Amino acid sequence: MARYGMVINITKCNGCYNCFLSCRDEYCGNEYPPYSSSQPFAGQFWMRLIEKERGKYPKVKVAYIPIPCMHCEEAPCIAASSNNAVYRRPDGIVIIDPEKTVGQKEITSACPYRVIYWNQEKDIPQKCTFCAHLLDKGWKEPRCVESCPTGALVFGDLNDPNSEVSKIKASREVDVLHPEYGLKPGVCYIGFPKRFIAGEVILADREDECAQNVSVLLMDKRAKKTIKTDNFGDFEFEGLEPDTEYTIKIKHEGYASKEFSVNTRTDVCLGEIVLDRA
Ligand code: SF4
Ligand code: SF4
């Protein structure tokens, strides 16, 4: 028996919203009993995208975090329902029965991930089903996964060690969203945004040229890493630990070096760093 799960690689998500739109396309105006009733044309986000702004001007980045139902092993939405109206299939998919849940509004607030939506017109709670109706017909993945152009969403059988989703989980460090909830989600993530330190190097006597190939050294208590400035004179260290003290040292032959102490309480942009002739 399959046990379905998903890995979401945040570093590959470009915020195109194809997953959200294909979900709308699949469910708006369409009934798939006994798994789902039609999704309204507005107000529900079965695949919700959170846009997380990082850094500040002049270095601002956005991370997109797709959030479907996590199909939790310890699902409080099941416990909150009466009449077995919310249940977990043997393959791990958590289903809200659209007939049995009529009037059970309390189910919407049982989910700490806030992925259950109340349909006022039909008087039912609704959410992502991992496209259970399609999987039952032999589809290998839900519509959102099929439509993702970057491969940010990977879906498959966690019980099959040869499935892509199992191989990713075995070979890489994955995280769950809000582990403190303790719900054993079937969806996990790669690449939650950490911290970055960035800046731009300028050579004082060559201000009209980009200072490429300048050495930038990052040090903390445990490690050192050196990178070179790019064609625009910019540098960036990504994936750094939060609340950590780092030293940045910028060196270029013939120029006086500069050193900075940086704490990654937030993302850090050091701005323009001018190196004078030695
Ligand atoms: S994410 Fe929310 S709706 Fe989905 S299974 Fe977990 S508790 Fe239920
Ligand atoms: S389709 Fe893929 S890349 Fe586009 S927003 Fe969704 S997860 Fe991100």
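Every helix of 4 or more DSSP H residues in the chain counts as -39500 (n - 2.57), and over all residues that averages to -2500 deg cm²/dmol at 222 nm.
For the residue pairs Lys12/Lys61; Lys105/Lys127; Lys52/Lys258; Lys137/Lys169; Lys52/Lys105; Lys12/Lys167, the alpha carbons lie more than 20 Å apart in Lys52/Lys258; Lys137/Lys169; Lys52/Lys105. Taking the number of Cβ atoms within 10 Å of each Cβ as an exposure proxy, the fewest-first ranking of Asp267, Asp208, Asp220 is Asp208, Asp220, Asp267. For the chain, the Cys residues with no second cysteine's beta carbon closer than 4.7 Å are Cys13, Cys16, Cys23, Cys28, Cys72, Cys77, Cys111, Cys131, Cys148, Cys188, Cys210, Cys269. The angle separating the long axis of helix 18-27 from the principal Cα axis of greatest extent in the chain is about 10 degrees. Panel order for Arg222, Arg89, by other beta carbons found within 10 Å of each beta carbon, from fewest to most: Arg222, Arg89.
In the stretch 153-278, the alpha-carbon atoms span a convex hull of 144 Å³ per residue.
Using the alpha carbons alone, the radius of gyration of the chain stands to its Kirkwood radius in an Rg to Rh ratio of 1.11. Largest mean-square fluctuation among Gly43, Gly55, Gly191, in a Gaussian network model of the chain whose springs join Cα atoms under 10 Å apart, belongs to Gly43. Per-residue Cβ neighbour counts within 10 Å put Tyr113, Tyr181 in the sequence Tyr181, Tyr113, beginning with the fewest.
No lab work stands behind these numbers, since they all come straight from the coordinates. These numbers come from a predicted model, not from an experiment. Backbone-built Cβ (ideal geometry, glycine too); neighbour counts: all protein chains shown.
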